[in-house]
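In what follows, a single structure is set out as structure tokens and then discussed.
Read the figures in this text as sums done on the coordinates, not as results from a lab. Predicted, not measured: the structure shown is a model, and the values here were computed from it. With ideal geometry, Cβ positions are generated from the backbone for all residues, glycine too; neighbour counts draw on all protein chains shown.
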Amino acid sequence: MTQTAKRALPQLNISRGLKQQLSTLSGFAILFIVFSILARPYFFTVGNLLTVATQTAVIAVIAIGQTYVMITAGIDLSIGSNIALSGMIAALAMMSGVPVFLAGLLGILSGAAVGAINGVFITYGKIPPFIATLGTMTAVRGVCLTLTQGIPIGGLPKSFTVIGADSIGPVPIPVILMILTVVLFAFILAKTCFGRHVYALGSNFDAARLSGVNTNRTLILVYVFSGMLAAFAGLIMAARIISAQPAAGDGYELDAVASSVIGGTSTLGGEGSIAGTFIGAFIIGILRNGLNLIGVSPFIQKIVIGIVIAGSVFLDKIKRKD
């Protein structure tokens with residue numbers, strides 16, 4: 001790519017991104033303080049905070065993939081179904097005598113395959129991301145239910161469930177896996193040429209293409225990343241509950257969108273960060289945990305989280321006008 005073409009690609013607005021992250025972090029801090037007061041002495045304890053982190057791990061991992069997709073001005077609704085598929089594929093393989101590592105790899109590859117299908121539908125089939133991933137969401141969920149006639153697969157080996165149930169010192173393994181995933185994909189998005197191309201696609205697709213970006217390849221890889229991360233989250237979930245559930249991950253695609261939007265990812269594309277999404281996932285996790293501790297109905301919790309999502313999108317629209 002020529003220097004002129006490189007200059008044509010949109011530059012990241014670092015100060016605006018940092019301002020958004022600080023804003024999200026402020027919201028997190030306020031929420032933390034409020035529940036520390038309202039739900040004392042149960043909320044602000046080491047045990048409860050580790051529980052929040054463990055429960056947030058799956059949401060944070062899938063939200064990373066959703067963030068990549070949303071930065072390109074797309075959406076991936078197949079995430080929840082991919083969570084179930086990877087767990088089912090890995091569990092069936094393990095039950096057939098396949099070594100745990102290879103079974104897990106098969107699960108992740110199944111998620112990558114679904115992501116690739118999404119990417120091909122969107123790039124070469126010219127199908128809108130919402131419709132393409134809605135179709136794969138439904139089809140993949142059907143595959144999960146068909147594989148075992150809707151019956152969960154239990155009796156998974158201890159060498160597999162360790163990634164969901166054990167700890168290293170006081171820190172649960174799912175939390176460690178979440179942190180490693182955040183660091184890796186934050187680096188890819190912020191420090192690599194591929195990450196720069198992802199932002200370019202969402203900022204101005206035609207300008208990115210004319211600047212020499214292989215838009216089709218980049219977009220397909222973005223959806224492959226999303227599928228792989230959903231599959232990885234599915235393995236963590238299956239290991240945590242010690243079974244593969246065909247209904248696992250149902251509705252989690254909305255949590256992924258919520259975490260990304262609350263973390264500052266624009267619904268119009270071109271803006272977002274993994275750090276912001278990470279904080280956004282914890283805001284969702286703390287909201288649910290805190291509301292549970294003070295006895296708020298799960299139905300009311302959905303209303304509250306819905307209002308938070310709508311408010312985040314509204315604020316994003318206002319910022320863009322400014």
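Values for this structure:
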read-out: Positive-end extreme of charge dipole, the chain - chosen from Leu134, Gly227, Val308 (charges on Cβ); value: Val308
read-out: Contour minus Cα-Cα distance for Thr192 and Leu293 (0.36 nm per residue); value: 32.2 nm
read-out: Within a Gaussian network of the chain (alpha carbon springs, distance under 10 Å), most fluctuating of Ala63, Ala244, Ala139; value: Ala139
read-out: Likely footprinting exposure, Ser36, Ser243, Ser211, Ser297, fewest C-beta neighbours within 10 Å first; value: Ser297, Ser36, Ser243, Ser211
read-out: Region 57-282, dipole about Cα centre (Lys/Arg Cβ +1, Asp/Glu Cβ -1), debye to the nearest 20; value: 340
read-out: Once the Cα gyration tensor of region 57-282 is diagonalised, semi-axes √(5λ) in Å; value: 29, 20, 14
read-out: Ranked Leu85, Leu156, Leu180, criterion: other C-beta atoms within 10 Å, fewest first; value: Leu180, Leu156, Leu85
read-out: Lysine pairs with alpha-carbon atoms under 25 Å apart, the chain, spacing 8 or more or separate chains; value: 6
